[in-house]
1. Which of (1) under 25 Å from residue 214 (Cβ atoms); (2) touching a Lys or Arg at 6+ places or on another chain (Cβ under 6 Å); (3) surrounded by fewer than 18 Cβ atoms within 10 Å (Cβ to Cβ); (4) not charged (D, E, K, R) does residue 55 not meet, given it meets every other one?
2. Can you pull out every residue in the range 113-159 that is in a loop (DSSP other than H, G, I, E, B) and crowded, with 18+ Cβ neighbours inside 10 Å?
3. Which of the residues spanning the range 75-101 are touching a strand residue (DSSP E or B) at 6+ places or on another chain (Cβ under 6 Å) and over 25 Å from residue 195 (Cβ atoms)?
4. Give 185, 209, 166 a once-over and let me know the one that is loosely packed, with under 15 Cβ neighbours inside 10 Å and over 20 Å from residue 92 (Cβ atoms).
5. Report yes if some residue within the range 185-208 is more than 30 Å from residue 83 (Cβ to Cβ) and either at pLDDT below 95 or among the charged types (D, E, K, R) (or both); otherwise report no.
6. Can you spot a residue in the range 92-108 that is under 25 Å from residue 181 (Cα atoms), of a type in the set (Val, Ile, Thr), at pLDDT 95 or above and surrounded by 22 or more Cβ atoms within 10 Å (Cβ to Cβ)?
7. Only one of (1) assigned to a helix (DSSP H, G or I); (2) surrounded by fewer than 16 Cβ atoms within 10 Å (Cβ to Cβ) is not met by residue 66, so which one is it?
8. Please determine whether any residue of the range 216-225 is at pLDDT 90 or above, surrounded by 13 or more Cβ atoms within 10 Å (Cβ to Cβ) and either not in a helix (DSSP H, G or I) or not charged (D, E, K, R) (or both).
Amino acid sequence: MQFKTDVMSLLGKIISYCKRKDCKETADEPVSKFLIVGLGNVGAEYEGTRHNAGFMVVDALAKEADARWTLERHAYRTEIRHKGRILVLIKPTTYMNLSGKAVKYWLQAEKIELANLMVVVDDLALDPGIIRIKKQGGAGGHNGLSDIEAVLGTQNYNRLRMGVGDHFSRGRQVDYVLGRIEGEDLVKMEEAVKEAGNVVRCFVTQGIDRTMNLYNKKGNAHKEEPKA
């Protein structure tokens, strides 16, 4: 009698497992979709410049997945997948100061919720090669972020900040951000771009809070934070 009970219990567990497995694999289950926006300026004269750090990150993600870019409305667009998630990558063609137009259009066109947006941007307040993740906050004087905030009507969107440093004299900020990354800074940026790819993959699978906890602890402190 006990043997029969044990067998029935085992069969019940097997059936329950199969049902759960089928549920996970059903084609009707919605697939999570994310919009990853690399900020920068289009054109050969801007390639490799500090202001195009965002382009560098999405370019690297696309290259790793062997994805091809196509010129579409307001942006170059491509699409990759990671662990069942769809990542729509865009490089706005609106130039930096009008980035919000492209971000809003593609959020709506792809039906992606704001929580699944991540904007990758250069940051003067971080040393070259340092990255930081934030899920809200001001533009910090960055024209691209300012336009996104104005168009979306909120500061509450995720951003991945790529440090480029602030090694410029008074009045030379524009020349600095539009200057090419070279030497030791280039080596640091290449490593940061690789790490940024890991950040994006963590974000789409683990969420923004978990990603911040993991990656904001790495590397040097923010310049505005006290040094140890």
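1. (3)
2. 124, 126, 127, 128, 129, 130, 142, 157, listed by residue number.
3. Scanning the range 75-101 gives a single hit, 93.
4. So the residue among 185, 209, 166 that is loosely packed, with under 15 Cβ neighbours inside 10 Å and over 20 Å from residue 92 (Cβ atoms) is 209.
5. Looking for residues that are more than 30 Å from residue 83 (Cβ to Cβ) and either at pLDDT below 95 or among the charged types (D, E, K, R) (or both), one finds at least one in the range 185-208, hence yes.
6. no
7. Of the numbered conditions (1) assigned to a helix (DSSP H, G or I); (2) surrounded by fewer than 16 Cβ atoms within 10 Å (Cβ to Cβ), the odd one out for residue 66 is (1).
8. yes
The values are calculated or read from the model by the stated rules, or taken from the named source; none is laboratory data. What you see is a predicted model, and the numbers here were worked out from it, not measured in a lab. Cβ sites come from the backbone with ideal geometry, for glycine too, and all protein chains shown count toward neighbours.
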